[in-house]
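Worksheet: one structure, shown below.
The values are calculated or read from the model by the stated rules, or taken from the named source; none is laboratory data. These numbers come from a predicted model, not from an experiment. When we count neighbours, we look across all protein chains shown, and the Cβ atoms used for this are built from the backbone with ideal geometry, even at glycine.
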Amino acid sequence: MSKNTLLINVDIGETRVGLIADGVLRELYVERRHHRSPVGNIYLGRVSRVLPGMQAAFIDIGLDRAAFLHVEDLLAAPGAEDEGEDKAKRGQTKARHNRASRKTPIRDLLKEGQELMVQVSKGPIGSKGARVTSHVALPGRYVVFMPTVEHVGVSKRIGNDRERRRLKEVIDSVKPPEGGVVVRTLAQGLTKKKLKADIGYLVQLWEQTKIARGQVKKLPALVHEEPDIVIQSARDLFTEDISEIVVDDRDEYQRLKEFLTLFLPERANDLHLYEGYEPLFDEYGIEEEITRALSRKVPLPSGGHLVIDQAEALTAIDVNTGRFTGKGRDVEQTILQTNLEAVREISYQLLFRNIGGLIVLDFIDMERHAHREKVFKAFLDALKNDKAKTTAVRISELGLVEMTRKRTRQSLGRTLYEPCFFCDGTGHLQSKETICHEIFRQMRRERDSLPGYKIVISAHPAVCDMLEREEKASLDEAARRFQRRIELNPRNDYHLEQFDLTGG
């Protein structure tokens, strides 16, 4: 088995892509037939509501919820992009050319009912709708073409200054008169011919999008759709570090073969069709790894563990020593080793689960300043492998690190799981004893409205069992106090916290 492999598992209604690096599953992407990500899609929508107080608007693009658009994601009014800015500032903000200012009143740019072409920059997450922008960015394999922005840039991950200058000169010579181009990391060392071909393809794609816009008869409408996860993975993930692509579906194999032959002919022979009897992910031992990596409690090599709790707007990751007590007498060394192990696992989990937004890391308290610095530096080094933009604040005296990680799509956990219908996602239920006492209180409230000489308690069997056993004395006391006979009616179809009182 190759150490670095891209696995594509095509199943009924679902496609999964797993990236194995150094024998470990590093990234997992899931796409389902009825829940394809809209990120990158371009829509011709209609402004449904303008919110001056938030400098934002909601755009109807045909999804379940209206999309959110901030004023800075709008094109500036003609001739207005440089208003109020001196020449020095204009030189520094070339990349933001044609972008509306944060101070521009949004009602000067948008009206309710107005037609607007936008691109989804962030997919729906939780209860929030998609985020959109008027600044289109069409990604190719080597460059990103931006038709609305006059800017030439080079990926910061290309660290060689000489290569950066070379690539910028090449792009300046081949880019179209209108629009901007950002060179992706994969373009390092690439010839002018390949860069020109990639830009030409994207320019043609933009022309097709404009034609599709002109043919729209009813709003909202999709005018450009990003390729599915199979083509995206070959375009974005099949780097020089990846030895091969293995796909288990013959039709997708043929489609990928055509794509690679057209855009990456020298790597077309690195595509392989898996025809084994066992499912592809089982053959490579991935299914068990997915289950382990998505559990709330994640073990560390020396016996410690992480506890990962994901809320709506914040994710908390707690580091614990667990059963690891260290090999020496110095407790600080034990804590340092556990925290360093946690650093590696946390950076992996953030990437694998695609956790984004605000994240708080609770490392084990370290008394020595040098140890806190060592752990923080190790954490920053580990984050360098993450393609998502991250920011982190130094470890506090309490051992906390506050950080953010940019997210453009739903996290893996929220894609594969849904809130528990039994506890409504809280992770907690009222205890059976608490429910018993709530029943007694409700009997007191309703005793005058219940007809007859008895009270029938309909409840979950476990609650009825507790009333018959541990709470038998309380049940008898209730019967004496209310002068009623009390009968229990166990209901298997009742939720643990559900009960009814009826007279008879």
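Give the residue that is modelled with the lowest pLDDT, with candidates limited to residues of segment 268-286 that are more than 30 Å from the chain's Cα centre (by Cα) and either part of a helix (DSSP H, G or I) or buried (at least 17 other Cβ atoms within 10 Å of the Cβ) (or both). The selected residue is 268.
Take the residues of segment 466-504 that are of a type in the set (D, E, K, R) and touching a Leu at 6+ places or on another chain (Cβ under 9 Å): which is surrounded by the fewest Cβ atoms within 10 Å (Cβ to Cβ)? Steps first, answer last, please.
Going through segment 466-504, the residues of a type in the set (D, E, K, R) turn out to be 468-472, 476-477, 480-481, 484-485, 487, 491, 493, 497, 500.
Still in the running and touching a Leu at 6+ places or on another chain (Cβ under 9 Å): 468, 484, 497.
Details: 468: 12, 484: 19, 497: 17.
Here the residue is 468.
Looking at the structure I just gave you, is residue 312 among the charged types (D, E, K, R) and not assigned by TED's automatic domain parsing to the domain that holds residue 244? Criteria met by residue 312. Residue pairs whose Cβ atoms lie under 8 Å apart, separated by 6 or more positions or on different chains, with the first residue in segment 448-461 and at positive phi and modelled with pLDDT under 95 and the second of a type in the set (Ser, Thr, Tyr) and in a helix (DSSP H, G or I), do not occur. Within segment 174-209, being loosely packed, with under 14 Cβ neighbours inside 10 Å and either among the aromatic types (Phe, Trp, Tyr) or not in a helix (DSSP H, G or I) (or both) holds for 177, 178, 189, 191. So which residues in segment 339-367 are over 15 Å from residue 309 (Cα atoms), of a type in the set (Val, Ile, Thr) and modelled with pLDDT of 90 or more, if there are any at all? Within segment 339-367, just 343 meets the criteria.
The number of residues in segment 454-485 being assigned to a helix (DSSP H, G or I) and basic (Lys, Arg) comes to 3. Screening segment 210-239 for residues that are part of a loop (DSSP other than H, G, I, E, B) and touching a Leu at 6+ places or on another chain (Cβ under 8 Å) and picking the one that is farthest from residue 265 (Cα to Cα) gives 219.
Residue by residue, here is whether (1) outside the structural domain of residue 101 (by TED's automatic domain parsing); (2) under 24 Å from residue 225 (Cβ atoms); (3) crowded, with 19+ Cβ neighbours inside 10 Å; (4) under 18 Å from the mean Cα position of the chain (by Cα) holds:
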site	(1), (2), (3), (4)
17	yes, yes, yes, yes
20	yes, no, yes, no
26	yes, no, no, yes
30	yes, yes, no, yes
48	no, yes, no, no
52	no, no, no, no
61	no, yes, yes, no
